[in-house]
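Student: Quick one: the structure is below, questions incoming.
The values are calculated or read from the model by the stated rules, or taken from the named source; none is laboratory data. As the structure is a computational prediction, the values presented were derived from the model and not from experiment. Backbone-built Cβ (ideal geometry, glycine too); neighbour counts: all protein chains shown. Quick note on the areas: whole protein, heavy atoms, side chains included, nothing else; ligands and nucleic acids left out. Shrake-Rupley method; radii C 1.70, N 1.55, O 1.52, S 1.80 Å.
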Amino acid sequence: RRSGQYTMNHDHSKKTPDGASFDRSGSQDSLDELSMDDYWKELENIHETRGNNHEERVALVVKEPDEGELEEEWLKEAGLSNLFGESSGDSLESVVFLSTLTRTQKAAVEKRVETVTQTMRKKNKQHQIPDVRDIFRLQNDSKGKICDGSEPSTVRTSENKNETQDGTKGPKFSLGTDEQKSSLEDMPFSDTDINLEISFAEQAANLKDSSVGKMRKGGGGDTLLPNFRLPKDKTGTTKIGDLAPQDMKKVYSLALIELTALYDILGTEFKQQKAVKIKTKDSGLFGVPLSVLLEQDQKKVPGTKIPLIFQKLIAQIEEATLETEGLLRIPGVATRVKSLCQELEAKFYEGAFNWENVKQHDAASLLKLFIRELPQPLLTVEYLKAFQDVQNLPTKKQQLQALNLLVLLLPEANRDTLKVLLEFLQRVIDHRDKNKMTLKNVAMVMAPNLFTFHGFGSKTIEQSEFVMAAGTANVMRFMIQYQKLLWTIPKFIVNQVRKQNTESQKKEKKDKAMKKLLKKMAYDREKHEKQEKTPND
(Lines give C-alpha, C1' and ligand atoms only; values in the text may rest on other atoms or scores of the structure.)
Protein backbone atom coordinates (compact mmCIF):
# COMPACT_ATOMS: atom_id res chain seq x y z
CA ARG A 1 0.00 0.00 0.00
CA ARG A 2 1.71 3.14 -1.20
CA SER A 3 0.23 6.64 -0.69
CA GLY A 4 -3.18 5.12 -0.19
CA GLN A 5 -3.02 3.23 -3.47
CA TYR A 6 -3.84 -0.41 -3.62
CA THR A 7 -0.96 -2.49 -4.90
CA MET A 8 -0.76 -6.21 -5.25
CA ASN A 9 2.92 -6.91 -5.29
CA HIS A 10 4.89 -9.77 -3.85
CA ASP A 11 8.38 -9.61 -2.41
CA HIS A 12 10.25 -10.19 -5.63
CA SER A 13 12.79 -7.93 -7.25
CA LYS A 14 11.52 -5.02 -9.30
CA LYS A 15 11.04 -5.02 -13.06
CA THR A 16 11.56 -1.79 -14.91
CA PRO A 17 10.02 -0.74 -18.22
CA ASP A 18 13.37 -0.36 -19.96
CA GLY A 19 13.78 -4.12 -20.14
CA ALA A 20 15.97 -4.69 -17.09
CA SER A 21 15.96 -8.22 -15.84
CA PHE A 22 13.36 -9.32 -13.34
CA ASP A 23 13.22 -12.03 -10.72
CA ARG A 24 11.40 -15.03 -12.15
CA SER A 25 10.86 -16.89 -8.92
CA GLY A 26 7.26 -15.65 -8.66
CA SER A 27 6.26 -17.03 -12.04
CA GLN A 28 6.12 -20.71 -12.77
CA ASP A 29 7.80 -20.45 -16.15
CA SER A 30 10.58 -18.09 -17.13
CA LEU A 31 9.00 -15.85 -19.73
CA ASP A 32 11.67 -14.21 -21.85
CA GLU A 33 11.77 -10.40 -21.99
CA LEU A 34 10.91 -10.34 -25.67
CA SER A 35 7.57 -12.04 -25.06
CA MET A 36 6.88 -9.57 -22.23
CA ASP A 37 6.91 -6.71 -24.76
CA ASP A 38 3.26 -7.39 -25.61
CA TYR A 39 2.39 -6.96 -21.93
CA TRP A 40 4.09 -3.54 -21.61
CA LYS A 41 2.67 -2.31 -24.91
CA GLU A 42 -0.80 -3.34 -23.78
CA LEU A 43 -0.29 -1.43 -20.51
CA GLU A 44 0.75 1.67 -22.46
CA ASN A 45 -2.37 1.37 -24.65
CA ILE A 46 -4.54 1.01 -21.55
CA HIS A 47 -3.12 4.13 -19.92
CA GLU A 48 -3.39 6.09 -23.16
CA THR A 49 -7.03 5.05 -23.59
CA ARG A 50 -7.77 5.77 -19.95
CA GLY A 51 -6.24 9.23 -20.20
CA ASN A 52 -8.22 10.15 -23.33
CA ASN A 53 -11.37 8.27 -22.69
CA HIS A 54 -12.66 8.91 -19.22
CA GLU A 55 -12.71 11.46 -16.50
CA GLU A 56 -10.73 10.15 -13.50
CA ARG A 57 -12.80 7.40 -11.94
CA VAL A 58 -13.57 7.06 -8.27
CA ALA A 59 -10.95 4.69 -6.86
CA LEU A 60 -12.32 1.61 -5.21
CA VAL A 61 -11.26 1.59 -1.60
CA VAL A 62 -10.20 -1.73 -0.21
CA LYS A 63 -10.89 -1.86 3.50
CA GLU A 64 -8.10 -2.94 5.83
CA PRO A 65 -9.79 -5.43 8.18
CA ASP A 66 -9.42 -5.36 11.95
CA GLU A 67 -8.01 -8.33 13.85
CA GLY A 68 -10.32 -11.32 13.64
CA GLU A 69 -12.58 -9.54 11.14
CA LEU A 70 -11.23 -11.50 8.17
CA GLU A 71 -11.83 -14.81 9.92
CA GLU A 72 -15.31 -13.73 11.02
CA GLU A 73 -16.14 -12.76 7.44
CA TRP A 74 -14.68 -16.06 6.21
CA LEU A 75 -16.90 -18.11 8.57
CA LYS A 76 -19.96 -16.14 7.43
CA GLU A 77 -19.04 -16.75 3.76
CA ALA A 78 -18.59 -20.45 4.51
CA GLY A 79 -22.09 -20.53 6.06
CA LEU A 80 -20.70 -21.16 9.55
CA SER A 81 -21.54 -17.87 11.28
CA ASN A 82 -23.43 -19.80 13.98
CA LEU A 83 -20.14 -21.14 15.31
CA PHE A 84 -19.54 -17.79 17.02
CA GLY A 85 -21.39 -14.70 18.17
CA GLU A 86 -24.92 -14.36 19.50
CA SER A 87 -26.28 -17.41 17.70
CA SER A 88 -23.37 -19.61 18.75
CA GLY A 89 -25.59 -21.79 20.90
CA ASP A 90 -27.34 -22.93 17.75
CA SER A 91 -24.35 -24.83 16.39
CA LEU A 92 -26.42 -28.01 16.02
CA GLU A 93 -27.51 -27.11 12.50
CA SER A 94 -23.84 -27.02 11.49
CA VAL A 95 -23.27 -30.55 12.75
CA VAL A 96 -24.46 -32.08 9.47
CA PHE A 97 -22.23 -29.74 7.46
CA LEU A 98 -19.18 -30.25 9.68
CA SER A 99 -19.60 -34.02 9.63
CA THR A 100 -18.90 -34.05 5.87
CA LEU A 101 -15.59 -32.15 6.08
CA THR A 102 -12.19 -33.74 5.51
CA ARG A 103 -9.48 -33.44 8.18
CA THR A 104 -7.72 -30.58 6.35
CA GLN A 105 -11.01 -28.74 5.83
CA LYS A 106 -11.78 -29.15 9.55
CA ALA A 107 -8.33 -27.84 10.44
CA ALA A 108 -9.00 -24.73 8.31
CA VAL A 109 -12.35 -24.12 10.06
CA GLU A 110 -10.85 -24.71 13.51
CA LYS A 111 -8.01 -22.29 12.84
CA ARG A 112 -10.46 -19.49 11.96
CA VAL A 113 -12.88 -20.22 14.82
CA GLU A 114 -9.91 -20.17 17.20
CA THR A 115 -8.82 -16.71 15.95
CA VAL A 116 -12.35 -15.28 16.18
CA THR A 117 -12.74 -16.75 19.67
CA GLN A 118 -9.48 -15.24 20.87
CA THR A 119 -10.38 -11.85 19.38
CA MET A 120 -13.79 -11.92 21.03
CA ARG A 121 -12.26 -12.78 24.38
CA LYS A 122 -9.85 -9.87 23.98
CA LYS A 123 -12.70 -7.52 23.18
CA ASN A 124 -14.70 -8.96 26.08
CA LYS A 125 -17.70 -9.58 23.90
CA GLN A 126 -20.65 -10.61 26.00
CA HIS A 127 -21.64 -13.54 23.77
CA GLN A 128 -21.27 -17.03 24.95
CA ILE A 129 -18.12 -18.13 23.14
CA PRO A 130 -18.01 -21.81 22.25
CA ASP A 131 -14.76 -23.64 22.60
CA VAL A 132 -13.75 -24.78 19.13
CA ARG A 133 -13.11 -28.28 20.53
CA ASP A 134 -16.71 -28.53 21.70
CA ILE A 135 -18.02 -27.82 18.21
CA PHE A 136 -16.15 -30.76 16.76
CA ARG A 137 -16.61 -32.95 19.85
CA LEU A 138 -20.35 -32.42 19.57
CA GLN A 139 -20.22 -33.58 16.00
CA ASN A 140 -18.01 -36.59 16.74
CA ASP A 141 -20.14 -37.65 19.70
CA SER A 142 -23.32 -37.41 17.68
CA LYS A 143 -21.82 -39.57 14.98
CA GLY A 144 -19.52 -41.78 16.99
CA LYS A 145 -17.54 -41.81 13.80
CA ILE A 146 -15.97 -39.22 11.55
CA CYS A 147 -17.00 -38.16 8.05
CA ASP A 148 -15.76 -41.22 6.20
CA GLY A 149 -17.22 -43.63 8.73
CA SER A 150 -13.96 -44.76 10.31
CA GLU A 151 -13.03 -44.49 13.97
CA PRO A 152 -11.72 -41.09 15.09
CA SER A 153 -7.97 -40.86 15.46
CA THR A 154 -5.74 -37.93 16.25
CA VAL A 155 -3.90 -36.82 13.17
CA ARG A 156 -0.98 -34.44 13.13
CA THR A 157 -1.95 -31.24 11.34
CA SER A 158 1.28 -30.50 9.56
CA GLU A 159 0.16 -27.15 8.20
CA ASN A 160 0.00 -25.38 11.53
CA LYS A 161 1.62 -27.86 13.92
CA ASN A 162 -1.25 -27.11 16.33
CA GLU A 163 -0.02 -23.59 16.82
CA THR A 164 -2.23 -20.56 16.62
CA GLN A 165 -1.18 -17.50 14.65
CA ASP A 166 0.36 -15.72 17.63
CA GLY A 167 2.68 -18.67 18.20
CA THR A 168 0.97 -19.92 21.36
CA LYS A 169 0.24 -23.59 21.64
CA GLY A 170 -3.28 -24.31 20.49
CA PRO A 171 -5.37 -27.25 21.58
CA LYS A 172 -4.85 -30.56 19.83
CA PHE A 173 -7.99 -31.67 18.05
CA SER A 174 -9.30 -35.04 17.06
CA LEU A 175 -9.49 -34.68 13.31
CA GLY A 176 -10.43 -37.10 10.59
CA THR A 177 -8.46 -40.19 9.80
CA ASP A 178 -5.58 -41.63 7.84
CA GLU A 179 -7.94 -43.55 5.63
CA GLN A 180 -7.73 -41.05 2.81
CA LYS A 181 -3.97 -41.35 2.71
CA SER A 182 -4.04 -45.07 2.02
CA SER A 183 -6.77 -44.73 -0.61
CA LEU A 184 -4.66 -42.05 -2.30
CA GLU A 185 -1.65 -44.37 -2.44
CA ASP A 186 -3.77 -47.15 -3.94
CA MET A 187 -5.01 -45.03 -6.83
CA PRO A 188 -2.97 -45.31 -10.05
CA PHE A 189 -2.94 -41.63 -11.08
CA SER A 190 -0.28 -40.27 -13.41
CA ASP A 191 1.37 -36.86 -13.06
CA THR A 192 -0.98 -35.32 -15.60
CA ASP A 193 -4.18 -36.88 -14.25
CA ILE A 194 -6.30 -34.57 -12.12
CA ASN A 195 -7.67 -36.60 -9.23
CA LEU A 196 -11.12 -35.20 -8.44
CA GLU A 197 -12.07 -37.93 -5.98
CA ILE A 198 -9.83 -36.90 -3.10
CA SER A 199 -9.71 -33.44 -1.54
CA PHE A 200 -6.99 -31.29 -3.13
CA ALA A 201 -5.75 -30.19 0.31
CA GLU A 202 -5.54 -33.83 1.42
CA GLN A 203 -3.50 -34.63 -1.69
CA ALA A 204 -1.17 -31.71 -0.91
CA ALA A 205 -0.82 -32.79 2.74
CA ASN A 206 0.02 -36.35 1.70
CA LEU A 207 2.51 -35.13 -0.90
CA LYS A 208 4.11 -32.92 1.75
CA ASP A 209 4.28 -35.79 4.25
CA SER A 210 5.66 -38.39 1.85
CA SER A 211 9.43 -38.45 1.44
CA VAL A 212 9.08 -39.05 -2.30
CA GLY A 213 6.79 -36.11 -3.00
CA LYS A 214 9.08 -33.26 -2.11
CA MET A 215 7.42 -30.02 -3.15
CA ARG A 216 9.09 -28.85 -6.32
CA LYS A 217 8.76 -25.61 -8.19
CA GLY A 218 6.84 -26.14 -11.41
CA GLY A 219 9.86 -25.45 -13.62
CA GLY A 220 10.03 -26.71 -17.18
CA GLY A 221 10.25 -24.70 -20.38
CA ASP A 222 7.94 -21.75 -20.73
CA THR A 223 5.87 -23.17 -23.56
CA LEU A 224 5.51 -26.54 -21.88
CA LEU A 225 2.22 -26.66 -20.05
CA PRO A 226 1.45 -30.22 -18.94
CA ASN A 227 -1.32 -31.98 -20.78
CA PHE A 228 -3.56 -32.26 -17.72
CA ARG A 229 -6.66 -34.40 -18.15
CA LEU A 230 -9.52 -35.85 -16.16
CA PRO A 231 -9.37 -39.65 -15.93
CA LYS A 232 -12.53 -41.33 -17.23
CA ASP A 233 -15.17 -41.66 -14.53
CA LYS A 234 -17.92 -44.26 -14.89
CA THR A 235 -20.38 -41.95 -13.14
CA GLY A 236 -19.41 -39.00 -15.37
CA THR A 237 -18.14 -35.58 -14.36
CA THR A 238 -20.29 -32.84 -12.85
CA LYS A 239 -20.06 -29.47 -14.58
CA ILE A 240 -21.04 -26.07 -13.23
CA GLY A 241 -24.67 -25.67 -14.23
CA ASP A 242 -25.53 -29.34 -13.61
CA LEU A 243 -26.53 -28.69 -10.00
CA ALA A 244 -29.55 -26.89 -8.55
CA PRO A 245 -28.96 -23.40 -7.07
CA GLN A 246 -29.40 -24.63 -3.45
CA ASP A 247 -26.70 -27.25 -4.07
CA MET A 248 -24.41 -24.64 -5.67
CA LYS A 249 -24.64 -22.66 -2.41
CA LYS A 250 -23.23 -25.69 -0.60
CA VAL A 251 -20.57 -26.09 -3.31
CA TYR A 252 -19.56 -22.46 -2.70
CA SER A 253 -19.12 -23.01 1.06
CA LEU A 254 -17.13 -26.22 0.52
CA ALA A 255 -14.96 -24.68 -2.22
CA LEU A 256 -14.10 -21.75 0.07
CA ILE A 257 -13.13 -24.07 2.94
CA GLU A 258 -11.21 -26.39 0.58
CA LEU A 259 -9.27 -23.55 -1.06
CA THR A 260 -8.37 -22.13 2.36
CA ALA A 261 -7.26 -25.58 3.55
CA LEU A 262 -5.11 -25.99 0.40
CA TYR A 263 -3.45 -22.58 0.91
CA ASP A 264 -2.91 -23.38 4.62
CA ILE A 265 -1.14 -26.65 3.75
CA LEU A 266 1.01 -24.95 1.12
CA GLY A 267 1.92 -22.08 3.43
CA THR A 268 0.37 -19.39 1.20
CA GLU A 269 -1.77 -16.75 2.84
CA PHE A 270 -5.35 -16.69 1.59
CA LYS A 271 -7.07 -13.37 2.21
CA GLN A 272 -10.33 -12.25 0.73
CA GLN A 273 -10.32 -8.54 -0.04
CA LYS A 274 -13.28 -6.42 0.98
CA ALA A 275 -14.33 -3.44 -1.13
CA VAL A 276 -16.00 -0.43 0.37
CA LYS A 277 -19.15 0.20 -1.67
CA ILE A 278 -18.86 3.05 -4.13
CA LYS A 279 -21.53 4.77 -6.20
CA THR A 280 -21.82 3.13 -9.62
CA LYS A 281 -23.80 3.89 -12.76
CA ASP A 282 -27.24 2.35 -12.80
CA SER A 283 -27.66 2.37 -16.59
CA GLY A 284 -25.55 2.37 -19.75
CA LEU A 285 -22.92 -0.05 -21.10
CA PHE A 286 -19.40 0.82 -19.93
CA GLY A 287 -18.57 1.15 -16.24
CA VAL A 288 -21.85 -0.51 -15.20
CA PRO A 289 -21.94 -3.44 -12.73
CA LEU A 290 -22.56 -6.82 -14.39
CA SER A 291 -25.73 -7.39 -12.35
CA VAL A 292 -27.22 -4.05 -13.50
CA LEU A 293 -26.31 -4.79 -17.14
CA LEU A 294 -27.94 -8.20 -17.01
CA GLU A 295 -31.08 -6.74 -15.43
CA GLN A 296 -31.29 -4.27 -18.35
CA ASP A 297 -30.59 -6.97 -20.91
CA GLN A 298 -33.09 -9.47 -19.52
CA LYS A 299 -35.88 -6.95 -20.16
CA LYS A 300 -34.86 -7.03 -23.84
CA VAL A 301 -33.95 -10.73 -24.08
CA PRO A 302 -35.37 -12.83 -21.22
CA GLY A 303 -32.96 -15.41 -19.81
CA THR A 304 -29.81 -13.54 -20.94
CA LYS A 305 -26.79 -14.65 -18.90
CA ILE A 306 -24.03 -12.71 -20.70
CA PRO A 307 -24.26 -8.93 -21.27
CA LEU A 308 -25.59 -8.28 -24.80
CA ILE A 309 -22.87 -5.70 -25.58
CA PHE A 310 -20.20 -8.27 -24.65
CA GLN A 311 -21.77 -10.90 -26.92
CA LYS A 312 -22.13 -8.39 -29.76
CA LEU A 313 -18.50 -7.20 -29.56
CA ILE A 314 -17.23 -10.79 -29.74
CA ALA A 315 -19.56 -11.52 -32.69
CA GLN A 316 -18.31 -8.34 -34.41
CA ILE A 317 -14.65 -9.42 -34.04
CA GLU A 318 -15.42 -12.95 -35.31
CA GLU A 319 -17.46 -11.69 -38.25
CA ALA A 320 -14.39 -10.14 -39.87
CA THR A 321 -12.32 -13.39 -39.50
CA LEU A 322 -10.06 -14.51 -36.71
CA GLU A 323 -7.11 -14.81 -39.09
CA THR A 324 -6.22 -11.10 -38.89
CA GLU A 325 -2.59 -10.76 -37.85
CA GLY A 326 -2.10 -9.20 -34.40
CA LEU A 327 -5.75 -9.57 -33.42
CA LEU A 328 -6.24 -8.36 -29.81
CA ARG A 329 -2.63 -7.13 -29.75
CA ILE A 330 -2.93 -4.23 -32.23
CA PRO A 331 -5.07 -1.51 -30.64
CA GLY A 332 -7.81 0.46 -32.34
CA VAL A 333 -7.31 4.19 -32.86
CA ALA A 334 -7.81 5.76 -29.40
CA THR A 335 -9.90 8.74 -30.58
CA ARG A 336 -12.11 6.50 -32.71
CA VAL A 337 -12.58 4.03 -29.84
CA LYS A 338 -13.61 6.94 -27.62
CA SER A 339 -16.27 8.21 -30.04
CA LEU A 340 -17.54 4.66 -30.71
CA CYS A 341 -17.85 4.19 -26.97
CA GLN A 342 -20.01 7.33 -26.64
CA GLU A 343 -22.10 6.41 -29.68
CA LEU A 344 -22.73 2.91 -28.33
CA GLU A 345 -23.88 4.35 -24.99
CA ALA A 346 -26.42 6.50 -26.85
CA LYS A 347 -27.67 4.12 -29.55
CA PHE A 348 -26.98 0.45 -28.63
CA TYR A 349 -30.26 -0.33 -26.87
CA GLU A 350 -32.32 1.59 -29.43
CA GLY A 351 -30.88 -0.61 -32.15
CA ALA A 352 -29.77 2.53 -34.01
CA PHE A 353 -26.02 1.87 -33.82
CA ASN A 354 -24.36 1.22 -37.17
CA TRP A 355 -21.97 -1.73 -36.67
CA GLU A 356 -20.62 -1.47 -40.24
CA ASN A 357 -18.48 1.49 -39.12
CA VAL A 358 -16.69 -0.60 -36.48
CA LYS A 359 -13.28 -1.87 -37.57
CA GLN A 360 -12.11 -5.20 -36.12
CA HIS A 361 -9.25 -3.76 -34.03
CA ASP A 362 -11.64 -1.12 -32.65
CA ALA A 363 -14.10 -3.84 -31.63
CA ALA A 364 -11.27 -5.74 -29.89
CA SER A 365 -10.26 -2.54 -28.05
CA LEU A 366 -13.89 -1.96 -27.01
CA LEU A 367 -14.12 -5.53 -25.69
CA LYS A 368 -11.02 -5.02 -23.53
CA LEU A 369 -12.27 -1.58 -22.47
CA PHE A 370 -15.57 -3.14 -21.35
CA ILE A 371 -13.69 -5.60 -19.09
CA ARG A 372 -11.44 -2.88 -17.62
CA GLU A 373 -14.26 -0.42 -17.03
CA LEU A 374 -16.34 -2.80 -14.90
CA PRO A 375 -16.76 -1.04 -11.51
CA GLN A 376 -15.49 -4.25 -9.87
CA PRO A 377 -13.04 -6.59 -11.62
CA LEU A 378 -14.39 -9.53 -13.57
CA LEU A 379 -12.48 -11.80 -11.16
CA THR A 380 -14.10 -9.81 -8.25
CA VAL A 381 -12.48 -7.64 -5.59
CA GLU A 382 -12.77 -10.52 -3.12
CA TYR A 383 -10.75 -13.00 -5.17
CA LEU A 384 -8.59 -10.97 -7.58
CA LYS A 385 -5.59 -11.24 -5.27
CA ALA A 386 -6.22 -14.97 -4.71
CA PHE A 387 -6.23 -15.49 -8.51
CA GLN A 388 -2.90 -13.65 -8.68
CA ASP A 389 -1.43 -15.62 -5.79
CA VAL A 390 -2.05 -18.89 -7.64
CA GLN A 391 1.36 -18.26 -9.30
CA ASN A 392 3.05 -18.76 -5.88
CA LEU A 393 1.82 -22.33 -5.37
CA PRO A 394 4.56 -24.98 -5.68
CA THR A 395 3.31 -27.20 -8.52
CA LYS A 396 1.35 -26.64 -11.71
CA LYS A 397 -1.19 -29.23 -10.63
CA GLN A 398 -1.85 -27.32 -7.39
CA GLN A 399 -2.15 -24.08 -9.35
CA LEU A 400 -4.77 -25.71 -11.54
CA GLN A 401 -6.64 -27.10 -8.51
CA ALA A 402 -6.68 -23.64 -6.87
CA LEU A 403 -8.00 -22.05 -10.09
CA ASN A 404 -10.72 -24.70 -10.27
CA LEU A 405 -11.88 -23.78 -6.73
CA LEU A 406 -11.64 -20.04 -7.44
CA VAL A 407 -13.88 -20.37 -10.50
CA LEU A 408 -16.45 -22.11 -8.25
CA LEU A 409 -16.30 -19.08 -5.91
CA LEU A 410 -17.11 -16.48 -8.57
CA PRO A 411 -20.67 -15.08 -8.73
CA GLU A 412 -22.69 -16.64 -11.55
CA ALA A 413 -22.65 -13.53 -13.80
CA ASN A 414 -18.85 -13.15 -13.50
CA ARG A 415 -18.26 -16.87 -14.07
CA ASP A 416 -20.52 -17.03 -17.15
CA THR A 417 -18.93 -13.92 -18.69
CA LEU A 418 -15.41 -15.23 -17.98
CA LYS A 419 -16.32 -18.55 -19.63
CA VAL A 420 -17.50 -16.84 -22.83
CA LEU A 421 -14.33 -14.72 -22.86
CA LEU A 422 -11.98 -17.71 -22.41
CA GLU A 423 -13.81 -19.70 -25.12
CA PHE A 424 -13.43 -16.73 -27.50
CA LEU A 425 -9.71 -16.39 -26.66
CA GLN A 426 -9.23 -20.08 -27.43
CA ARG A 427 -10.88 -19.59 -30.84
CA VAL A 428 -8.43 -16.74 -31.55
CA ILE A 429 -5.51 -19.05 -30.59
CA ASP A 430 -6.88 -21.80 -32.86
CA HIS A 431 -6.02 -19.47 -35.82
CA ARG A 432 -2.47 -18.77 -34.57
CA ASP A 433 -0.85 -19.91 -37.83
CA LYS A 434 -2.46 -16.96 -39.60
CA ASN A 435 -3.01 -14.35 -36.84
CA LYS A 436 0.36 -15.03 -35.09
CA MET A 437 -1.44 -14.94 -31.72
CA THR A 438 -0.19 -17.92 -29.70
CA LEU A 439 -1.42 -18.87 -26.23
CA LYS A 440 1.48 -16.90 -24.75
CA ASN A 441 0.77 -13.77 -26.84
CA VAL A 442 -2.95 -13.77 -26.03
CA ALA A 443 -2.25 -14.29 -22.32
CA MET A 444 0.25 -11.39 -22.35
CA VAL A 445 -2.22 -9.03 -23.98
CA MET A 446 -5.23 -10.04 -21.85
CA ALA A 447 -3.55 -10.26 -18.41
CA PRO A 448 -3.30 -6.46 -17.90
CA ASN A 449 -6.99 -6.13 -18.77
CA LEU A 450 -8.08 -8.63 -16.12
CA PHE A 451 -5.47 -8.08 -13.41
CA THR A 452 -4.40 -4.42 -13.36
CA PHE A 453 -7.64 -3.03 -12.13
CA HIS A 454 -8.32 0.72 -12.47
CA GLY A 455 -10.55 0.81 -9.44
CA PHE A 456 -7.67 0.24 -7.03
CA GLY A 457 -6.48 3.74 -7.73
CA SER A 458 -3.25 3.34 -9.73
CA LYS A 459 -2.99 6.21 -12.24
CA THR A 460 0.47 5.43 -13.59
CA ILE A 461 2.34 2.23 -14.28
CA GLU A 462 3.15 1.11 -10.76
CA GLN A 463 6.33 -0.85 -10.10
CA SER A 464 4.16 -3.55 -8.58
CA GLU A 465 2.69 -4.14 -12.04
CA PHE A 466 6.16 -4.91 -13.37
CA VAL A 467 6.74 -7.34 -10.53
CA MET A 468 3.57 -9.28 -11.10
CA ALA A 469 3.48 -9.12 -14.91
CA ALA A 470 4.97 -12.52 -15.72
CA GLY A 471 2.97 -14.15 -12.93
CA THR A 472 -0.43 -12.85 -13.98
CA ALA A 473 0.33 -13.67 -17.61
CA ASN A 474 0.99 -17.25 -16.50
CA VAL A 475 -2.28 -17.41 -14.55
CA MET A 476 -4.02 -16.10 -17.69
CA ARG A 477 -2.37 -18.86 -19.77
CA PHE A 478 -3.57 -21.47 -17.29
CA MET A 479 -7.14 -20.17 -17.43
CA ILE A 480 -7.21 -20.28 -21.24
CA GLN A 481 -5.38 -23.60 -21.62
CA TYR A 482 -7.31 -25.55 -18.98
CA GLN A 483 -10.71 -23.84 -19.17
CA LYS A 484 -12.56 -27.12 -19.74
CA LEU A 485 -11.16 -28.54 -16.49
CA LEU A 486 -11.90 -25.35 -14.54
CA TRP A 487 -15.67 -25.60 -15.01
CA THR A 488 -15.78 -29.05 -13.40
CA ILE A 489 -17.06 -29.54 -9.86
CA PRO A 490 -14.63 -31.92 -8.12
CA LYS A 491 -16.22 -35.25 -7.28
CA PHE A 492 -15.21 -35.09 -3.61
CA ILE A 493 -17.22 -31.84 -3.26
CA VAL A 494 -20.23 -33.34 -5.08
CA ASN A 495 -20.05 -36.31 -2.67
CA GLN A 496 -19.93 -33.95 0.32
CA VAL A 497 -23.02 -32.09 -0.94
CA ARG A 498 -24.80 -35.43 -1.47
CA LYS A 499 -23.94 -36.52 2.04
CA GLN A 500 -25.20 -33.23 3.47
CA ASN A 501 -28.48 -33.63 1.60
CA THR A 502 -28.93 -37.22 2.79
CA GLU A 503 -28.18 -36.30 6.41
CA SER A 504 -30.49 -33.27 6.24
CA GLN A 505 -33.31 -35.42 4.83
CA LYS A 506 -32.84 -37.92 7.67
CA LYS A 507 -32.94 -35.06 10.18
CA GLU A 508 -36.07 -33.66 8.50
CA LYS A 509 -37.78 -37.07 8.66
CA LYS A 510 -36.97 -37.36 12.35
CA ASP A 511 -38.29 -33.85 13.01
CA LYS A 512 -41.48 -34.61 11.07
CA ALA A 513 -42.05 -37.82 13.01
CA MET A 514 -41.47 -35.97 16.29
CA LYS A 515 -43.93 -33.21 15.33
CA LYS A 516 -46.50 -35.82 14.34
CA LEU A 517 -46.06 -37.60 17.68
CA LEU A 518 -46.39 -34.38 19.68
CA LYS A 519 -49.52 -33.44 17.71
CA LYS A 520 -51.07 -36.83 18.40
CA MET A 521 -50.23 -36.59 22.11
CA ALA A 522 -51.81 -33.13 22.33
CA TYR A 523 -54.91 -34.39 20.49
CA ASP A 524 -55.23 -37.45 22.77
CA ARG A 525 -54.88 -35.30 25.87
CA GLU A 526 -57.58 -32.92 24.64
CA LYS A 527 -59.89 -35.83 23.80
CA HIS A 528 -59.31 -37.39 27.22
CA GLU A 529 -60.04 -34.12 28.99
CA LYS A 530 -63.32 -33.71 27.05
CA GLN A 531 -64.48 -37.19 28.00
CA GLU A 532 -63.84 -36.53 31.68
CA LYS A 533 -66.08 -33.49 31.68
CA THR A 534 -69.66 -34.29 32.85
CA PRO A 535 -72.77 -32.88 31.13
CA ASN A 536 -73.44 -30.74 34.25
CA ASP A 537 -70.20 -28.89 33.66
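Student: Quick one: net charge of Asn354's neighbours, Cβ under 15 Å, K/R +1, D/E -1? Walk me through the numbers on the way to the answer.
Tutor: On the way: positive: Lys312, Arg336, Lys347, Lys359; negative: Glu319, Glu343, Glu345, Glu350, Glu356, Asp362.
That sum, taken over residues with Cβ under 15 Å, equals -2.
Student: Accessible area, 1.4 Å probe, largest first: how do Ile46, Ile240 sort? List each step's numbers first, then the result.
Tutor: Details: Ile46 5, Ile240 30 Å².
Sorted descending by solvent-accessible area, the residues read Ile240, Ile46.
Student: Going by average Cβ neighbours within 10 Å, how do the peptides 477-483, 336-342 rank, with the highest at the top?
Tutor: Numbers: 477-483: 22.0, 336-342: 17.3.
Descending packing order for the listed peptides: 477-483, 336-342.
Student: With every protein chain present, what is the per residue accessible area of the stretch 324-380 (1.4 Å probe, Å²)? Mind showing how you got there, number by number?
Tutor: Working: 2310 Å² over 57 residues.
Accessible surface, normalised per residue, equals 40 Å².
Student: Starting from the Cα-Cα distance between Lys41 and Lys519, subtract it from 0.36 nm times their residue separation and give me the gain in nm to one decimal. Walk me through the intermediate numbers first.
Tutor: Working: separation 478, 0.36 × 478 = 172.08 nm, distance 7.42 nm.
So the extension gain works out to 164.7 nm.
Student: Here's a follow-up. Take Glu356 and Lys76, extend 7 Å from each Cα along the Cα→Cβ direction, and tell me the distance between the two endpoints in nm.
Tutor: Those two pseudo-labels are separated by 5.5 nm.
Student: Here's a follow-up. Round to the nearest 10 and report in Å² the accessible area of Trp487, as given by a 1.4 Å probe over the protein chains' heavy atoms.
Tutor: Solvent-accessible area, nearest 10 Å²: 10 Å².
Student: Let me ask something additional. I'd like the projected area of the stretch 271-489, averaged over all directions, using the convex hull of its alpha carbons. Report it in nm² with one decimal.
Tutor: If I average the Cα hull's projected area over directions, I get 12.5 nm².
Student: So what does Glu73 come to for accessible area, using a 1.4 Å probe and Å² rounded to 10?
Tutor: 60 Å²
Student: Keeping all protein chains in place and using 1.4 angstrom, which order do His528, His431 fall into by accessible surface area, from largest down? Each step should come with its number before you reach the end.
Tutor: Numbers: His528 105, His431 65 Å².
Largest to smallest exposure gives the sequence His528, His431.
Student: Over all directions, the average projected area of the alpha-carbon convex hull for the stretch 290-374 comes to how many nm²?
Tutor: Details: hull surface 22.7 nm².
Value for the stretch 290-374: 5.7 nm².
Student: Summarise the accessible area of the stretch 358-457 (1.4 Å probe, protein heavy atoms) by the percent that is carbon and sulfur. Don't skip to the end; give the middle numbers.
Tutor: Details: 1090 of 2220 Å².
Looking at the stretch 358-457 in its full context, I get 49 percent from C and S.
Student: Now, a different point. Need one value: the accessible area of Val420 in square angstrom, 1.4 angstrom probe, rounded to the nearest 10.
Tutor: Around 40 Å² of this residue is reachable by solvent.
Student: Apply the a/c threshold of 1.5 to the C-alpha gyration tensor of the stretch 362-444 and tell me whether it is rounded, prolate or oblate.
Tutor: On the way: a/c = 2.05, a/b = 1.24, b/c = 1.66.
Oblate shape, in that a/c is at least 1.5 and b/c is the bigger or equal ratio.
Student: Oh, and also: How many nm separate the modelled label positions at Lys499 and Arg427, each set 7 Å beyond the Cα in the direction of the Cβ?
Tutor: It is 4.2 nm.
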